[in-house]
Amino acid sequence: MDKELLIAMYEKKDPKRRRKLYEFFQGLFDQNLSATLTVELINKELGAPLTVLYDVKYIRSHAGQWNDAGKSGKTAPVSIPKPLEPQRLPVEEDVVRRQSFKSNKFGKS
């Protein structure tokens, strides 16, 4: 990616401009400089005051996600295991028949 394309993305407020800025200046972000100094160096390199402090803070907060997902920006597919079917325990019919359903509420005992 060249500088002209990056400048055009910033002028048009493209949604992916910050990620492309990070990819273009990744070495600068890896140096762990102060945010204001990073903004000054980027603007000097681009030749126009396009980036602001918020851009650098946004990039720093999302850079870990961008590095993990790779250059495509897509996350790795997650496989969700199928739920296990409940196991049926064998029930003896005699136990079910012997259960008492009597109630004192209705006068039966």
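Based on the mean of other Cβ atoms within 10 Å per residue, sort peptides 28-36, 2-10 so the most packed one is first. List each step's numbers first, then the result.
On the way: 28-36: 12.2, 2-10: 14.1.
Ranked by mean Cβ neighbours within 10 Å, highest first: 2-10, 28-36.
Give, in nm to one decimal, the length gained when the segment between L89 and Y58 is fully stretched (0.36 nm per residue of separation minus the Cα-Cα distance).
On the way: separation 31, 0.36 × 31 = 11.16 nm, distance 5.53 nm.
Full extension of this stretch gives 5.6 nm more.
Sort 81-87, 14-20 by the packing proxy (mean of other Cβ within 10 Å over each peptide's residues), most packed first. Intermediate values should be presented prior to the final figure.
On the way: 81-87: 5.7, 14-20: 15.0.
In descending order of packing, they fall as 14-20, 81-87.
Once you sort the root eigenvalues of the Cα gyration tensor of segment 3-69 as a ≥ b ≥ c, which label holds: rounded (a/c under 1.5), prolate (a/b larger than b/c) or oblate (the other case)?
Verdict is oblate for segment 3-69.
No value in this document is a laboratory result; all are computed from the given coordinates. Keep in mind that what you see is a predicted model, and the values were worked out from it rather than measured. Note that we place each Cβ from the backbone using ideal geometry, even for glycine, and neighbour counts take in every protein chain shown.
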